[in-house]
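The values are calculated or read from the model by the stated rules, or taken from the named source; none is laboratory data. Source: prediction; values computed, not measured. Here Cβ is always computed from backbone atoms with ideal geometry, including for glycine, and neighbour counts include all displayed protein chains. These area figures cover heavy atoms from the full protein model, side chains too; ligands, DNA and RNA do not enter into them. Shrake-Rupley method; radii C 1.70, N 1.55, O 1.52, S 1.80 Å.
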Amino acid sequence: MAEFDKIFLVWRKGTGHRRVDVGILEKTNEGKHIFNYSPNFAGLQETEGVTPYTEFQDITRTYNGNVAEIFGQRLMKSDRPDVDAFFNFWEVDKEKADDKFYLLGKTQGLVPTDNFEFLAEYNLVPGLHFLTEIAALSIEPKLEKGTVKPGDILRFELEPTNPKDIEAVKVFKDNLFVGYIKKHHCKVFHEIGSDKLSLTVKALDQSEYIKRLFVKVALEK
């Protein structure tokens, strides 16, 4: 079983707003890729202001063929001098560096020009490790600068009573609430054996408060 075989295309208006599913990119058993918009995409256009992805304007169509390559245009070019640092940050297996589907899932396909993200639905497989960004950091009280630092070990708790997402996973440093595991990345924490998942702070962006926090999720041997 692969680390993941489906990636959700999500969108949000900006910091502090909820992430909404707008589509799903899947890898079939034959190794092909297909993309479909969410059934409620038309409603999201009205309520959230979402617009279709530029190259995929027909929201009723199933797209196949070179969809991974089209989405892959968001990825860092392989000839850039800092590509190795980019791969190391996102926990990328460099032997799979030519696999656009894999890279989209591992790096989330983030670009500064739009509000789309690509969130893989991970499977609990041997050797699993990936980077996720902690959500809900803008919720009061905000985390002050220096509250957590790279290398800190965090812990998690399931929150099945969460009214917005029964698969929500809360993250703590000792007894201090930090935030939530990102949408879709949280599903693997509900699988049998997920108690062996570890969380380690990898990087953060902070001024007076912590603005962004990246955590490495790994399945302990």
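For this structure, a couple of remarks:
- Global geometry of segment 135-205, whether rounded, prolate or oblate, following the gyration tensor of its Cα atoms and the 1.5 cut on a/c: oblate
- Residues of type aspartates and glutamates that K173 reaches as a straight line, Cα spacing below 12 Å, ignoring anything fewer than 8 places off in the same chain: D152, E157
- Exceeding the 19 Å Cα-Cα cut-off - candidates K170/K211; K142/K211; K27/K100; K145/K211; K13/K211; K100/K182: K100/K182
- Shape category assigned to segment 9-95 from the gyration tensor of Cα positions, a/c cut at 1.5: oblate
- Surface accessible to a 1.4 Å probe, Y180 within the full protein complex, Å²: 50 Å²
- Pairs from K6/K164; K164/K196; K187/K216; K106/K202; K164/K187 whose Cα-Cα separation, in the structure shown, is over 18 Å: K6/K164; K164/K196
- Net lengthening on full extension, D84/K145 (0.36 nm per residue, minus Cα-Cα): 19.1 nm
- Between D195 and K6, the C-beta separation translates, for a Förster distance of 30 Å, into a calculated FRET efficiency of about 0.80.
- Which labelled figure in (1) 47, 42, 38; (2) 51, 42, 33; (3) 61, 40, 23 is Cα extents along the principal axes in Å, once derived from the coordinates: (1)
- Cα centroid of segment 96-164 to Cα centroid of segment 165-221, whole Å: 7 Å
- Overall form of segment 1-43: oblate. Here a/c, set by the Cα gyration tensor axes a ≥ b ≥ c, is 1.5 or more, and a/b is not larger than b/c.
- By accessible area, using a 1.4 Å probe on protein heavy atoms only, the chain has 49% of its surface on carbon and sulfur.
- Sites N29 and S207, calculated FRET efficiency, Cβ-Cβ separation with R0 45 Å, nearest 0.05: 0.45
- Adding -39500 (n - 2.57) for every DSSP H run of four residues or longer, then dividing by how many residues the chain holds, sets the calculated 222 nm ellipticity at -3000 deg cm²/dmol.
- Taken one residue at a time, the phi angles of segment 56-73 give Karplus couplings (6.51, -1.76, 1.60, θ = phi - 60°) of 10, 7, 7, 6, 9, 8, 8, 9, 9, x, 9, 4, 5, 5, 5, 4, x, 5 Hz. Gly and Pro are set to x.
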